[in-house]
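**Q** Have a look at this one.
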Amino acid sequence: MARFDQYIGLNDWARKTVLRKEKVRQFGVNVFADGRRKRFSRWTNLPVARIQVIGTLPGVYCDKVADLKRYTMPNGKVYEEYVQATPWSGGPMYHLALRDVRTGLPVPQSLWTDEEMGC
């Protein structure tokens, strides 16, 4: 039987919350190598959270499974990823959740249920 690290990551609620994008209008000027300038205006989707890598998740069968991240939300809340559980099925299955950096407590909506993890 093959054994390997399995990255499951965040649950749907957490992923949608920290990776949400917002449509914004950008204005600017492109400056070309020959000195020409051209103004632009465009709509684009940008992440609402500022994302920083704060560490790595080492694996059992590989050196690095994934980066662990910190998310700074527009309202000032800061969340960090942490390993909630690693049930075993042919190798560890890394289920991540979010914790509120200010309180150090898990964000309840980001927690995987035992049923979702197959426990």
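The values are calculated or read from the model by the stated rules, or taken from the named source; none is laboratory data. Predicted model, so just to flag it, every value in this text is computed and none were measured. As a convention, Cβ positions derive from the backbone with ideal geometry for all residues, glycine included, and neighbour counts pool all protein chains shown.
**Q** Go through the range 92-116 and report how many residues are crowded, with 17+ Cβ neighbours inside 10 Å and over 18 Å from the mean Cα position of the chain (by Cα).
**A** Adding up the residues that qualify gives 1.
**Q** Additional query: Is it fair to say Q84 is surrounded by 11 or more Cβ atoms within 10 Å (Cβ to Cβ), without any contact (Cβ under 8 Å) to a residue 60 or more places away in the chain and within 21 Å of E116 (Cα to Cα)?
**A** Against the criterion (surrounded by 11 or more Cβ atoms within 10 Å (Cβ to Cβ), without any contact (Cβ under 8 Å) to a residue 60 or more places away in the chain and within 21 Å of E116 (Cα to Cα)), Q84 qualifies.
**Q** Filter the range 19-42 for residues that are assigned to a strand (DSSP E or B) and either surrounded by 10 or more Cβ atoms within 10 Å (Cβ to Cβ) or on the phi > 0 side of the Ramachandran plot (or both) and give the result.
**A** K21, E22, V24, Q26, G28, V31, listed by residue number.
**Q** Could you give every pair whose Cβ atoms fall below 8 Å, whose first residue belongs to the range 56-77 and is free of Cβ contacts under 8 Å to residues at least 12 places away in the same chain, and whose second residue is of a type outside the set (K, R) and in a loop (DSSP other than H, G, I, E, B), counting only separations of at least 6 or pairs across chains?
**A** P58/V65; K64/P58
**Q** Kindly indicate whether any position in the range 100-111 is more than 17 Å from T17 (Cβ to Cβ) and outside any loop (DSSP other than H, G, I, E, B).
**A** No, there is no match, as no residue in the range 100-111 is more than 17 Å from T17 (Cβ to Cβ) and outside any loop (DSSP other than H, G, I, E, B).
**Q** If V78 passes every condition in (1) out of contact with any Gly (no Cβ under 7 Å at 6 or more places or on another chain); (2) over 13 Å from A49 (Cβ atoms); (3) at pLDDT 95 or above but one, which one does it miss?
**A** Evaluating V78 over (1) out of contact with any Gly (no Cβ under 7 Å at 6 or more places or on another chain); (2) over 13 Å from A49 (Cβ atoms); (3) at pLDDT 95 or above leaves (2) as the failure.
**Q** Looking at the range 1-18 only, could you name the residues that are charged (D, E, K, R), touching a strand residue (DSSP E or B) at 6+ places or on another chain (Cβ under 9 Å) and in a loop (DSSP other than H, G, I, E, B)?
**A** Once the filter is applied, which keeps residues that are charged (D, E, K, R), touching a strand residue (DSSP E or B) at 6+ places or on another chain (Cβ under 9 Å) and in a loop (DSSP other than H, G, I, E, B), the range 1-18 yields only D5.
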